[in-house]
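Engineer: My questions all concern the structure below.
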Amino acid sequence: MAQDEAPKQPEAPVPDAIPAAPAIAVAPAPHLSDVSFTTRRMMLDVLIALAPAVAMAIFIFRWYAVVQVGLCVLTCLAAEALFTWMRRRPLSLGDGSAVVTGVILGLSLPWSAPWYVAVIGSAAAIGLGKMVFGGLGCNIFNPAMVGRAFVMLSFAKALGASAYVFAQSGLDVVTQATPLTVAKKLAGEIAAGTAVAGDLQLQLESARALWPLFVGQVNGSLGETSALALLVGGIYLCLRRSASWEIPAGALGAAFVLAGLANWAGLTPFTALHHLVGGSLLFGAFFIATDPVTSPVTPRGKFFFGLGVGCFVVLIRLFSGYPEGVMFAVLLMNAVTPLLNRWTIPRPVGGPVPERT
Amino acid sequence: MTTLAKGRGTFDRGIHPPDRKHFAADAPIEVLPTPKEVRIPLLQHLGAPCQATVKPRTEVALGDVIGDTDAFVSAPVHASVSGAAGRLSVATLPNGRHVAVVPVKAAEEQPLAGQALFDDIFGGEWPTDGLDEYEPQQIVEAVRRAGLVGLGGAAFPTHVKLTPNESKPIDTLLINGCECEPYLTADYALMLEAPAPIITGALLAQRATGAQDVVICLEDNKPKAARALRKAAQGTAIRVSTLKTKYPQGGEKQLTVAVLGKEVPTGGLPLDIGAVVLNVGTAAALARAVVRGKPLTHRIVTVSGAGIREPKNLLVPIGAAYQDLADACGGLTPDAARAVAGGPGMGFALGSLEVPVTKGTSGLTILAHEEVRKAEETTCVRCGRCVDVCPLNLVPTKIALAARAGNLDVARQYHIAACMECGCCAYVCPAGIPLVQLIRLGKVMLQKAGGS
């Protein structure tokens, strides 16, 4: 029913009780809204939830962490400003999404990545991952992961497994390979039937210790190392409803089951629990896969999305050339999101609308 | 004794806005001083409009029929003041419809006014025994003669609801006192001050429909009202059930789920699952219509919000102007920003207060600037909050954005016709998207395209 214009009334005498005529406006119902929760608030929550991981990154990787994350954030903001100006639209930096993309991209890089990797990655993330589609809310793929995959493929050496190790570093952790790299090498050796090299075995033993994996005293990308920090932040995010819990639940559940099966079948020397806290699965499950724009909108769809991410992560870890697969898992599931939305249309209360003859 | 039927006492999803009942909850019902003129719409119910049955410049008495029709789904209208009927004119109701109105200029002397009027309508003895002497058909006819329609807001002619349908027997009669809209306290005040006619009306409705069980339902933010009703229902088999306070618990689809554990089929009625839902105000008016043979001429309206000086629950004659109600409450404050006919969840914004109160009007909510929804809209980020709160389990964002893009196939795929426009989705949307308005637009487009 269309709203009519207010009917024109002849001038009515204003009663004495009202000193000034208030300005009454007309608008459609509902006339109230929950002002405590805005899109910007959601982005702020993500940044707050990432704070423990950023803090751990700075604690473990020192100055490198500050430079990477800072460079990514600044470049993302600059890229968004530039592309928005090119599209002749009002500046939207205030909504916080570019900052979030920058922080996530920064945390997903290794400490040693050169400055141009951070800059090009950020520009690709914002430009190719978001602006080309029309800006916030219009993109299909997770912008941070688009940027990450872009630099992964373009600068393979700078981002390969060897980039994480620096044997002469003052930082203890970076003298060792990342736990997942060790696991992959070992799995390869076992599969090929060759004898296990002595110091690889030693590395495996140290990589197998669960507590350092959990707290974060291991090598890896900047944000992925401390499972504790990520869990704290991730749970905060889910409780605040700024991320949907169905996605991490599905991702961690699927990864746990699949990794457990793989471990039992001898395909990986790590147990399911190691797979959960090692690598960037937690980071991906709570902060990357939960990007609302690129994940389904229905609760069941979100859960299946999470399941898919978890499955792909483990499959890529086991069977691909990469030791870690979160970025590709998320991008693959982003592509499936529209299908998941269609497949999980909920049944209305009272059943679907009956067909009219 | 609280009893819950087979339902869980609540429904899934929904929202918890602050109920803001404190503005008018403690205001005892006050009778509106008789306005100088009332303008009685000939269509203020679902169904066919009435034709005027009085000529201009005729004297009419309070309670006289001034409009009627032969159509089945309709209800007559009566004079709500004694005075002189005028020439037919037109008024625009809050929902946008232009309807014919019969103006009645109030005489200097009214037969009933003030406390006497209140006592005549709600006071006196209300029997709970011996109601079986009324035949169902008698009850239905008395209800129609009295012009009774649903006072909960939908204004569906009550006699149609009570007419038995042999293929669809009624098990349960639900008397709806939930009043889930923020600010409104009209039903609350009635339950507190006049529970007896509600009980009598419920028993009569039970007699008419042949229902086995009668349950009066209200939200748990009204404990005093629940106590008053239980006291009045002593000696009868009527149960009083308190439900979890949540918007929109008062919707009949949510009510049947919460109390009976059954879903009303989409596009159907509670009748289809053996239930009839009546508002408490309708039940009270029903008692008056059958036992005393008096028509529906007045109703309780809450005037509330931070934009009105003295929030009150008023007993008003049908056809009084909203302006008369505002004046009786001290007028609008300078920071009043929106005047809503009804509650802020589903009510219509008024462009002018010179609009007549109808049988379906439950409130006049004047919202101040700080209470009113802000209009800035940003992009949908598909967060899914609207899906998390929709009481009918729909996907509002998909429907609304498809409607905006003119994509009716997607809108149909996501069950647009099932939407009850309660406003939960738009209330929570972090991007401030006017979801309900877009869904309404989509429904109009579908109708124009010829089908749903």
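Engineer: Whole-Hz ³J(HN,Hα) for each residue in the stretch A:100-114, computed from phi via Karplus 6.51 cos²θ - 1.76 cosθ + 1.60 with θ = phi - 60°, x for glycine and proline: what do you get?
Structural biologist: Each residue of the stretch A:100-114 in turn: 4, 4, x, 5, 5, 4, x, 5, 8, 8, x, 4, 9, 4, x Hz.
Engineer: Quick one: Debye curve from the C-alpha atoms of the stretch B:233-380, no solvent, what's log10 I(q)/I(0) at q = 0.14, 0.15, 0.19 Å⁻¹?
Structural biologist: The Debye formula, applied to the Cα set alone, gives -0.89, -0.98, -1.19.
Engineer: Quick one: what are the phi-derived ³J(HN,Hα) couplings along the stretch A:214-225, Karplus 6.51/-1.76/1.60 with θ = phi - 60°, whole Hz, x for glycine and proline?
Structural biologist: Result, ordered by residue: 5, 7, x, 8, 10, 7, x, 5, 4, x, 8, 6 Hz.
Engineer: So, one more: Any idea what Rg and Dmax come out to for the stretch B:21-291 if you just take the C-alpha atoms, in Å?
Structural biologist: Just the Cα atoms of the stretch B:21-291 yield Rg and Dmax of 18.7, 54 Å.
Engineer: Now, a different point. Would you give the gap between the C-alpha center of the stretch A:211-261 and the C-alpha center of the stretch B:82-119, rounded to a whole Å?
Structural biologist: Between the Cα centres of the stretch A:211-261 and the stretch B:82-119 lies a distance of 67 Å.
Engineer: Rounded to a whole number, what is D in µm²/s for the stretch A:39-159 from Stokes-Einstein with the Kirkwood radius over alpha-carbon pairs (25 °C, 0.890 mPa s)?
Structural biologist: Rounded, D is 172 µm²/s.
Engineer: Okay, next question. Using a 10 Å cut-off on Cβ to Cβ distances, tally the other chain neighbours for every residue of B:372-381 and report the average as a whole number.
Structural biologist: The mean count of partner-chain Cβ atoms within 10 Å per residue comes to 6.
Engineer: Mind checking the full-extension length gain between A:Ala265 and A:Trp343? Use 0.36 nm per residue of separation minus the Cα-Cα distance, one decimal, nm.
Structural biologist: Contour length minus Cα-Cα distance gives 24.8 nm.
Engineer: Exceeding 25 Å between C-alpha atoms, which entries from my cross-link table qualify? They are A:Lys130/B:Lys443; B:Lys398/B:Lys448; B:Lys253/B:Lys312; B:Lys168/B:Lys443.
Structural biologist: Among A:Lys130/B:Lys443; B:Lys398/B:Lys448; B:Lys253/B:Lys312; B:Lys168/B:Lys443, the Cα-Cα distance tops 25 Å for A:Lys130/B:Lys443; B:Lys253/B:Lys312; B:Lys168/B:Lys443.
Engineer: Have a look at A:Ala161, A:Ala29, A:Ala191 and tell me which one the Gaussian network model of chain A (Cα, springs below 10 Å) gives the largest fluctuation.
Structural biologist: Largest GNM mean-square fluctuation: A:Ala29.
Engineer: Compute the longest continuous run of chain A that contains no exposed GluC sites (Glu not before Pro); treat a site as exposed when its DSSP state is not H, G, I, E or B and it has at most 11 other Cβ atoms within 10 Å.
Structural biologist: Counting only loop sites that pass the neighbour cut-off, the longest clear stretch is A:12-354.
Engineer: Sticking with this one: Using the count of nearby Cβ atoms within 10 Å as a rough guide to exposure, how do B:Glu59, B:Glu252, B:Glu421, B:Glu133 rank from fewest to most?
Structural biologist: B:Glu133, B:Glu59, B:Glu421, B:Glu252
Engineer: Using only the Cα atoms, what convex hull volume per residue in Å³ does chain B have?
Structural biologist: Convex hull of Cα atoms, per residue: 139 Å³.
Engineer: Same structure again: Please work through chain B and write down the cysteines that have no neighbouring cysteine Cβ at a distance under 4.7 Å.
Structural biologist: So, B:Cys50, B:Cys178, B:Cys180, B:Cys217, B:Cys329, B:Cys380, B:Cys383, B:Cys390, B:Cys419, B:Cys422, B:Cys424, B:Cys429.
Engineer: Check B:His78: other-chain or 5+ apart residues with amide H under 5 Å from its amide H, H built from backbone geometry?
Structural biologist: B:Ile66
Engineer: Same structure, new question: Just to confirm my numbers, what's the Cα centroid distance between the stretch B:140-198 and the stretch B:351-397 in Å?
Structural biologist: Using only Cα atoms to place each centre, the spacing works out to 25 Å.
Engineer: What is the fewest-to-most order of B:Lys398, A:Lys157, B:Lys294, B:Lys36 by other Cβ atoms lying within 10 Å of their Cβ?
Structural biologist: Least crowded to most crowded, the residues run A:Lys157, B:Lys36, B:Lys294, B:Lys398.
Engineer: A further question follows. For B:Lys224, go through the aspartates and glutamates and keep the ones whose alpha-carbon is under 14 Å away, minus same-chain ones fewer than eight residues off.
Structural biologist: Partners found: B:Asp26, B:Asp187, B:Glu193.
Engineer: Run the Debye formula on the Cα coordinates of the stretch B:18-92, all scatterers equal and no solvent, and tell me log10 I(q)/I(0) at q = 0.11, 0.15, 0.20, 0.26 1/Å.
Structural biologist: Relative scattering, expressed as log10 I(q)/I(0), comes to -0.41, -0.65, -0.88, -1.21.
Engineer: Report the far tail of the P(r) of chain A, meaning the percent of Cα-Cα pairs longer than 27 Å.
Structural biologist: Cα-Cα pairs of chain A separated by over 27 Å account for 51 percent.
Engineer: Calculate for chain B the 222 nm mean residue ellipticity that helices alone would give, adding -39,500 (n - 2.57) per DSSP H run of length 4 or more and normalising by residue count, nearest 500 deg cm²/dmol.
Structural biologist: -7500 deg cm²/dmol
Engineer: Apply the Karplus curve 6.51 cos²θ - 1.76 cosθ + 1.60, θ = phi - 60°, to the phi angles in the stretch A:67-82 and return the couplings in whole Hz, x for Gly and Pro.
Structural biologist: Working through the residues one at a time gives 5, 4, 5, x, 4, 4, 4, 4, 5, 4, 5, 5, 4, 5, 4, 4 Hz.
Engineer: Could you work out, residue by residue across B:14-26, how many beta carbons of other chains sit within 10 Å of that residue's beta carbon, and then give the average as an integer?
Structural biologist: Per-residue shielding by partner chains comes out at 1.
Engineer: Take every DSSP beta bridge whose two residues both sit in the protein assembly as shown, then give the antiparallel share in percent to the nearest 5.
Structural biologist: In the protein assembly as shown, DSSP labels about 60 percent of beta bridges as antiparallel.
Engineer: Put one equal scatterer on each alpha carbon of the protein assembly as shown, apply the Debye formula with no solvent term, and list log10 I(q)/I(0) at q = 0.08 1/Å to two decimals.
Structural biologist: -0.76
Engineer: Neighbour counts of other C-beta atoms within 10 Å: give me B:Met346, B:Met191 arranged from fewest to most.
Structural biologist: B:Met346, B:Met191
Engineer: Another question about this same structure. What number do you get for the stretch A:209-343 when its Cα radius of gyration is normalised by 2.2 N^0.38 Å, N = residues?
Structural biologist: 0.99
Engineer: Take every Cα-Cα distance within the stretch B:273-324, group them into 10 Å bins from 0 onward, and report for each bin the whole-number percent of pairs it holds.
Structural biologist: 19, 39, 28, 13, 1
Engineer: Along its principal axes, what span do the Cα atoms of the stretch B:385-448 show, with the longest given first and each in whole Å?
Structural biologist: In descending order, the Cα extents are 29, 20, 16 Å.
Engineer: Now a separate question. Counting partner chain Cβ atoms within 10 Å of every residue's Cβ in B:388-396, what's the average?
Structural biologist: Mean partner shielding for this stretch: 4.
Engineer: Do any GluC sites (Glu not before Pro) in the stretch B:324-418 lie in a loop, going by DSSP, with at most 16 other beta-carbon atoms within 10 Å of their beta carbon, and if so which?
Structural biologist: Taking the stretch B:324-418 and a limit of 16 other Cβ atoms within 10 Å, the loop GluC sites (Glu not before Pro) found are B:Glu370, B:Glu376, B:Glu377.
Engineer: Note down the magnitude of the dipole of the protein assembly as shown about its Cα centre, charges +1 on Lys and Arg C-beta and -1 on Asp and Glu C-beta and zero elsewhere, to the nearest 20 debye.
Structural biologist: I would put it at about 1800 debye.
Values quoted throughout were computed directly from the atomic coordinates according to the rules given, and no laboratory measurement underlies them. These figures come from a predicted structure and were not determined experimentally. Every residue, glycine as well, gets a Cβ built from its backbone with ideal geometry; the counts of neighbours run over all protein chains shown.
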